[in-house]
Amino acid sequence: MSERPDVLVVGGGVVGVCTAHFLIERGVRTTLLERGEICSGASHGNGGWIFPSESAPIPEPGVIRKALPWLLDPESPFWIRPRASLALLRWLWDFRRACNANAVRESFRLRRALSLASLDRFTEFAKKMDFDFGFTQRGLTLIFRTAKAMRDAQRDVELLEAAGGSAKWLGVEELRGRVPSLSADLAGGLEFPDDAHLTPDDFVRGLAADVARRGAAIETHTEVLGVEWSRRGPVRVRTTRGDFRADEVVLAAGAWTPELTRGLGLRVPVEAAKGYSITVERPEGHPDLPLALVEGKSFVTPMGSRLRFGGTLELAGLDMRMNQRRVDALARTVRSYLPGLPRTPTVEIWRGLRPLTPDDLPILGRPAGTSGLILATGHGMSGISQGPISGELVAQLACGETPEIDLAPFSPDRF
Ligand SMILES: Cc1cc2nc3c(=O)[nH]c(=O)nc-3n(C[C@H](O)[C@H](O)[C@H](O)COP(=O)(O)OP(=O)(O)OC[C@H]3O[C@@H](n4cnc5c(N)ncnc54)[C@H](O)[C@@H]3O)c2cc1C
């Protein structure tokens, strides 16, 4: 224990809490600082999918052309708030550079490796933890309205099959046999049988409680205001509850991470990509499978007695305002795919900020020229899917072990 560093993790989302878990597993003295409650950021109201089969990144050839008409439509699933921001312009430039077929192939491989490694860990957690987080491996089903979207998806199926994964095309009757509330006006479906889903809050809060029982200090309502550094490492972490000290600081503050690195002169190209979800009471027997509504760019996930719909991607900075038109458009889209879904009471309307990098790969590692600092952010649409392995890779790095997955492609210096 005495040779292990003291580690301070900033951020109580899936990435920070998984990091704390794998540090505690290694006997590291661990403190986690969270400015609100555990799981109050993007990790709270998301879709809960673990989806190694759907590992294609957001930047891909043709995506900019496809997205352009949406930018003018305030109800579209993708929107960028126009603003004079050099950081946003550089981010968009890097995004454009990532839109090529070679980058997509490599990114698919890397993202799938992270998700598969996380899926193994979730399976272990489900076996050994004494809390239930609704882990269910019943696959993920994509629903298509048009034959064109099905043809477009064929490229992802080829990438998946080349990587050893499997997928099954489904006809409309078969789909409606599985999900009777679906519309008849569909082109077909695609099943990824290996994927899984869970209730994200139950997982992150359950794991944080377990980590606390095993000795980590979980400090909620503790906002980090700044980190002071000397050449030899972190000197002090200033917070709203006084100063903290540690040998290593892991910044896992999701979309807010760039705010914490600004004072250090580091460029961390993470844009906040806002998404919404609506959680309702699940009508008896209605969708018990997670669904991706492909053209509607939205998802439906059963979570125990609840059902969650979500989607949209809005690059609007760190803006937590709720856009009611988008929420209404999301609800209409979901109902158009599932007209047979009975109306039930709403449990929560939510928005969250995904921490999105321009190449849609996370940032995991030590920035060049720093010591005692590890970044763990940028998980975009896939933080649940990639959270456990990210936490373990960071813990391995902090403890001087060789990370089991090469961290070079996730380096903070790659941009
Ligand atoms: C609508 C929607 C659907 C999604 N669906 C899925 C899905 O199905 N599967 C999937 O894998 N991913 C999904 N995601 C993405 C996923 O939610 C994120 O990638 C993931 O939650 C990011 O986790 P995080 O720990 O990095 O960030 P967060 O969960 O945002 O955690 C960061 C934490 O840091 C804290 N913090 C920030 N600043 C400070 C500070 N100064 N001091 C102290 N604490 C601070 C915040 O309060 C927050 O709790 C979805 C996201 C959205 C919005």
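With ALA42, ALA56 as the choices, which residue is among the aliphatic types (A, V, I, L, M), surrounded by 13 or more Cβ atoms within 10 Å (Cβ to Cβ), modelled with pLDDT of 95 or more and within 16 Å of the ligand (Cβ to nearest atom)?
Answer to the selection: ALA42.
Among the listed residues ARG96, ARG35, identify the single one that is open to solvent by 30 Å² or more (accessible area, probe 1.4 Å) and more than 16 Å from the ligand (Cβ to nearest atom).
ARG96
Among HIS21, HIS44, which is the only one that is outside any loop (DSSP other than H, G, I, E, B) and on the phi < 0 side of the Ramachandran plot?
The match here is HIS21.
Could you list, in sequence order, all residues of segment 328-347 that are among the charged types (D, E, K, R) and within 24 Å of the chain's Cα centre (by Cα)?
Once the filter is applied, which keeps residues that are among the charged types (D, E, K, R) and within 24 Å of the chain's Cα centre (by Cα), segment 328-347 yields only ASP328.
So the check is Cβ under 6 Å with 6+ separation or different chains; which pairs have a first residue in segment 36-56 that's closer than 14 Å to ARG112 by Cβ and a second one that's near the ligand (Cβ under 7 Å from one of its atoms) and not in a loop (DSSP other than H, G, I, E, B)?
Listed by first residue and then by second, the contacts come to ILE50/SER385; PHE51/SER385.
Residues being within 24 Å of ARG26 (Cα to Cα) and at pLDDT 95 or above: count how many of those fall in segment 215-243.
Looking only at that region, the number is 6.
Check whether at least one residue in segment 245-263 is open to solvent by 40 Å² or more (accessible area, probe 1.4 Å), within 13 Å of the ligand (Cβ to nearest atom) and assigned to a loop (DSSP other than H, G, I, E, B), and report yes or no.
no
Looking at PRO339, PRO412, PRO358, can you tell me which residue is open to solvent by 20 Å² or more (accessible area, probe 1.4 Å) and not hydroxyl-bearing (Ser, Thr, Tyr)?
Sole residue among the options that is open to solvent by 20 Å² or more (accessible area, probe 1.4 Å) and not hydroxyl-bearing (Ser, Thr, Tyr): PRO339.
Within the set of pairs 6+ apart or on separate chains, which have a first residue in segment 146-163 that is more than 16 Å from PRO61 (Cβ to Cβ), a second that is in a helix (DSSP H, G or I) and open to solvent by 40 Å² or more (accessible area, probe 1.4 Å), and C-beta atoms under 7 Å apart?
Close Cβ pairs (under 7 Å, with a partner that is in a helix (DSSP H, G or I) and open to solvent by 40 Å² or more (accessible area, probe 1.4 Å)) amount to ALA163/ARG109.
Mind checking which residues of segment 167-177 are without any contact (Cβ under 8 Å) to a residue 40 or more places away in the chain, surrounded by 12 or more Cβ atoms within 10 Å (Cβ to Cβ) and of a type outside the set (Asp, Glu)?
Across segment 167-177, the qualifying residues are LYS168, TRP169, LEU170, GLY171, VAL172, LEU175, ARG176.
Of the residues in segment 215-243, how many are away from the ligand (no atom under 11 Å from the Cβ) and in a strand (DSSP E or B)?
Residues in segment 215-243 being away from the ligand (no atom under 11 Å from the Cβ) and in a strand (DSSP E or B): 11 in total.
Is it the case that segment 73-81 has a residue that's within 26 Å of ALA196 (Cβ to Cβ) and either in a helix (DSSP H, G or I) or in contact with a Gly (Cβ under 9 Å, 6 or more places away or on another chain) (or both)?
yes
Cβ-Cβ below 6 Å, separation at least six or inter-chain, first residue in segment 273-298 and more than 18 Å from GLY340 (Cβ to Cβ), second of a type in the set (Ser, Thr, Tyr) and at pLDDT below 95: which pairs?
GLY275/THR312; TYR276/THR312
Let's see how each residue does on (1) surrounded by fewer than 20 Cβ atoms within 10 Å (Cβ to Cβ); (2) of a type outside the set (Lys, Arg); (3) more than 26 Å from ALA212 (Cβ to Cβ); (4) at pLDDT below 95:
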position	(1), (2), (3), (4)
ASP132	yes, yes, no, no
PHE135	no, yes, no, no
THR146	yes, yes, yes, no
ASP152	yes, yes, yes, yes
VAL157	yes, yes, yes, no
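When you look at ARG326, is it modelled with pLDDT of 95 or more and either surrounded by 15 or more Cβ atoms within 10 Å (Cβ to Cβ) or in contact with a strand residue (DSSP E or B) (Cβ under 6 Å, 6 or more places away or on another chain) (or both), yes or no?
no
Here are some residues: ASP194, ASP156. Which one is of a type in the set (Asp, Glu) and in a loop (DSSP other than H, G, I, E, B)?
On inspection, the qualifying residue turns out to be ASP194.
The values are calculated or read from the model by the stated rules, or taken from the named source; none is laboratory data. Everything numeric here is computed off the predicted structure, so don't read it as measured data. Backbone-built Cβ (ideal geometry, glycine too); neighbour counts: all protein chains shown. Side chains included, ligands, DNA and RNA excluded: accessible areas come from the protein's heavy atoms. Shrake-Rupley method; radii C 1.70, N 1.55, O 1.52, S 1.80 Å.
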